[in-house]
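The values are calculated or read from the model by the stated rules, or taken from the named source; none is laboratory data. Here the structure is a predicted model, which means the values were calculated and not measured. Cβ coordinates were reconstructed from backbone atoms using ideal geometry, including for glycine residues, and neighbour counts include every protein chain displayed. Each accessible area value is taken on the protein alone, full model and side chains, heavy atoms only, with ligands, DNA and RNA left out. Shrake-Rupley method; radii C 1.70, N 1.55, O 1.52, S 1.80 Å.
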Amino acid sequence: MTSTAPEPSIVVDHLDVSFGKKKVISDVSFKIYKGEINGFLGISGAGKTTIIKVLTCQIPAKHWTGTVRVEGLDPAKPKNIQAILSKLGYVPQLEELNLYYELSPLDNVKVFAAAYGIPDSKVFELAEKYFTILDIPKDTWRHKVETMSGGEKKRVSIAIGLIHDPRLLFLDEPTTGVDASKRYDILNYLKKINRQLGTTMVIITHDLEAALICDTVSIIRLGKLLEHDTPLNLIQSLPSQGNILKITTPGLDNRVFRAMTKEPGVKHVMRAGNDTVEIFMEDVEHASAGLLERLVANGLAITEVTRERASFRRYFQLRIQIEDEKEEGRK
Amino acid sequence: MKERQFFGKPGKPTGFLASLLRILKGVRKEFKLVRTDIPNLLLALVVPPLIIILFSSLMTFSSTAPIVRITVVSYDSNTFFDTNSSVITTNDNYTLPLVGAINNTPSIKLVAYINASEDPYAMDVAYNQLLHGNIDAILVIPVEFSEFLDQGLPAMLESVPNTQELLKVQAILNKIQEAADKFAQDNNFTPFYVDEVHQEYTIPAHFNGDFNSNMNLVLPFVMAGITLVLTILVVVQEKPVPRLLLTPTNKAEILVSKYIAYTVILLVQSTAVLAASLGSGLFIRGRAIDLWGALMAIGFSGVSIGMFISSLAKTKTEANQLFFAFFIILFLVSGIFVPIEGMPVPIRAIAYAFPLAHGAPLIDSITTKGLPLASTELLSLGLISVAFVVLSFIAIARRKVEV
């Protein structure tokens, strides 16, 4: 029995986007495979939304060059637009852009189902399916959306994005504006949908916690794609495969910080609190003891030492910091 | 994953029939949204007939009383020299009967009768009464009145109506003429005339002529105004439109759905306004169905202008501002302040580009003259509507819409 290679849902090859003389996206290439959850990460203004707008046919072809395929179709061709839009779902950041607050969740489902040509007879069945997966209370289904809580509205909005069983779902900042305690619930719901339905998802976010559910992440900065890989691979690309030395020393100041960065074998040092630093170094398992001895010999009082695995959040911050430092160096 | 079977080709919701179904479902969505905004719905359906009823009540209780107050000044008793027969007479046999007939006319109140042969200042007295608003007209019986009637000749009465309110002048003259006609008919005289032109298309006496003449302006204003107000925000305030455009639905389908929904509402509005108008005593010489058609035509022009504003405006504030600008122009060039024929040519062109310049004459022609709906005014209204419909589709096509 042979296994088939995964098919790409999205192919982007050497994409450039310009508005007038201003180039906003530069030479971006990546693939997202069917069934994957991909996180599109980057600070505000990085260019994430622009790339997504190309994929969702919102930016006319005259503004971009390169090869783009969405579910095998080229969005540059007007004749493909309706077919592409029928295969993808979109959940905007603001629920009010996705929901008629004056209507009930069921009526909202009817409106969007009609847009995809879904017969009325199927609407309740679909609504029941997704509302159940997303734990939307049954007693809210027939009341106006404006009477629902924020979390419920968010989940109804996600349900609307799924109503036509899309192959590909884009979610714009699905956890922004949600209570910290509910954020993981939203991410868990998305993971659940992906596993149960096999929907390919692209999550546009600057919430690094979203990386927890992502199969791959794409890091965008200033219109360029810095990285596109699994979170695990990216962490393992750090010195010592992402294993770090964490030191707590009272009275940590800039002088001490700079001294640490100059130590042999130390690649990067990042603050992790007022008195705590995380050190990225080669061969941390064997070289850390020597480093600690030198630091103590130089008069540093160390109260705590641990060896940990870097989080994705830490990887992301370091990656951006490295780029910023390169940019500074170029200046 | 199994392809979902949609209307049309599986997985491919494209084609004319799929588009038509989306439009129909879009109409359904529009009605659902309209039903959720009760105040707006009340504004659309209840307020226009209420305005008509209120206006008719105002007309009934206003100072424009249906009674015409007259002072009769008679010179009939003076000496008349008949140049044909060279006979001198002072025949005034028919003066008092005429005065009595006028006094008995229900719609005329005889304030005073002055015999000028006894009071040389008769006309001064009458003019003074007219000046101070105590009467609506002076009726002068000339010296040859009774003599002419005796000879079987048509006599002539002279009237001096209060011309401060031009709309009332003809009504006054008509009432005097009606009294004179009745007197002549009752006494088998040759009909005689009041010396102003008798308007042929008079409103029957048991209808309120002032109400009818004012309704020619009120009805178009109400229809154009209320449909404009109802539609100026329908595109701009619907926040999920950009999201809807990330489905196979396109902008044209969304706008067509709205046009259909608001035209159905217009059907109800026109029927309600027509019913209120007829119930309030509007006289229609023509057919009621033609008047209804005129209301629909004027209303649809308001719908098309409103849709254009809503498609063009980027925000609700902008839409409200555009509405204000359009409505002010609509009002100023309607002909209510200055007759359109008296406007400078460029302003006249603007006036004719708006519906009220055609709506008021159209309604007047149906109610007063009994002319049919099919007319140049209807054609003009149709062209205006088509122009704004086209502009609204262009505006929405050019509208930058992104989620």
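List of remarks:
- Accessible area per residue for the range A:8-230 is 38 Å², calculated with a 1.4 Å probe on protein heavy atoms, without ligands, DNA or RNA.
- Cα-based equivalent ellipsoid, the range B:286-336: semi-axes from gyration tensor eigenvalues, Å: 27, 14, 6
- Cα-Cα separations in chain B greater than 25 Å, expressed as whole percent: 66 percent
- Accessible surface buried upon A-B contact (total; probe 1.4 Å; Å², nearest 100): 3100 Å²
- With all protein chains in place and a 1.4 Å probe, the accessible surface of the protein assembly as shown carries 58 percent carbon and sulfur.
- Between the range B:344-379 and the range A:213-291, the Cα center-to-center distance that results, in Å: 80 Å
- In degrees, nearest ten, helix B:47-61 long axis to first principal axis of chain B (Cα): 10 degrees
- The calculated Kirkwood hydrodynamic radius for chain A is 22.3 Å, given to one decimal from all distinct C-alpha pairs.
- Pairs with C-alpha atoms separated by more than 21 Å, drawn from the list B:29/B:239; A:48/A:246; B:258/B:314, are A:48/A:246.
- Helix-only mean residue ellipticity at 222 nm for chain B, each DSSP H run of n ≥ 4 adding -39500 (n - 2.57), per residue, nearest 500: -19000 deg cm²/dmol
- Cα-based helix-to-principal-axis angle, B:209-231 vs chain B, degrees rounded to 10: 10 degrees
- Surface analysis of the range B:252-403 yields an accessible area of 44 Å² per residue, using protein heavy atoms and a 1.4 Å probe.
- Accessible area, probe 1.4 Å, largest first, for residues A:288, A:181: A:181, A:288
- Residues losing 30 Å² or more accessible surface upon assembly, the range B:382-403, compared with the chain by itself, 1.4 Å: B:402, B:403
- Farthest positive-ward along the range A:8-230 dipole, Cα basis, beta-carbon charges - from A:222, A:196, A:177: A:222
- Overall, the range A:8-230 carries a charge dipole of about 600 debye about its Cα centre when +1 sits on the Cβ of Lys and Arg and -1 on the Cβ of Asp and Glu, all other atoms neutral.
- Taking every residue in A:114-124 and counting other chain Cβ atoms within 10 Å of its Cβ, the average works out to 6.
- Other residues lying with their Cβ under 11 Å from the Cβ of residue A:98 contribute a combined charge of +1, Lys and Arg counting +1, Asp and Glu -1.
- Label-to-label distance, residue B:38 versus residue A:254, with points set 7 angstrom from Cα along the beta-carbon direction: 6.6 nm.
- Residue among A:29, A:237, A:86 with the largest mean-square fluctuation in a Gaussian network model of chain A, springs linking Cα atoms under 10 Å: A:237
- Anchor residue A:129: lysines whose Cα lies under 18 Å away (excluding residues fewer than 8 positions away in-chain): A:110, A:138, A:153, A:154, A:191, A:192, B:2
- Hits among lysines - C-alpha to C-alpha of residue B:175 under 28 Å, sequence gap 8 or more where chains match: B:109, B:369
- Its relative contact order, with pairs defined as Cα atoms under 8 Å and 6+ residues apart, puts chain A at 18 percent.
- Calculated on alpha-carbon atoms, Rg and Dmax of the protein assembly as shown in Å: 41.7, 152
- Exercise: per-residue mean of other protein chain Cβ atoms within 10 Å, B:243-255: 6
- Mean projected area of the Cα convex hull of the range B:92-176, taken over all directions, amounts to 5.7 nm².
- Shielding of peptide A:74-85 by partners, expressed as the average count of other chain Cβ atoms within 10 Å per residue Cβ, is 2.
- In a reduced charge model with +1 at each Lys and Arg Cβ and -1 at each Asp and Glu Cβ, the protein assembly as shown shows a dipole moment near 4840 debye about its Cα centre.
- Proximal lysines to residue A:62, defined as alpha-carbon separation beneath 17 angstrom and excluding residues fewer than eight positions away on the same chain: A:21, A:22, A:23, A:53, A:77, A:79, B:400
- The residue list A:47, A:25, A:211 was ranked by how far each Cα lies along the charge dipole of the range A:8-230 toward its positive end, using unit charges on Cβ atoms, and A:25 comes out on top.
- In the context of the full set of protein chains, the range A:235-330 has a per residue accessible area of 55 Å² (1.4 Å probe).
- Chain A, helix-only ellipticity at 222 nm - DSSP H runs n ≥ 4, -39,500 (n - 2.57), divided by all residues, nearest 500: -11500 deg cm²/dmol
- The range A:235-330 - Kirkwood radius from inverse mean 1/r over Cα pairs (Å): 13.6 Å
- Relative contact order (%) - chain B, alpha-carbon pairs under 8 angstrom, separation at least six: 17 percent
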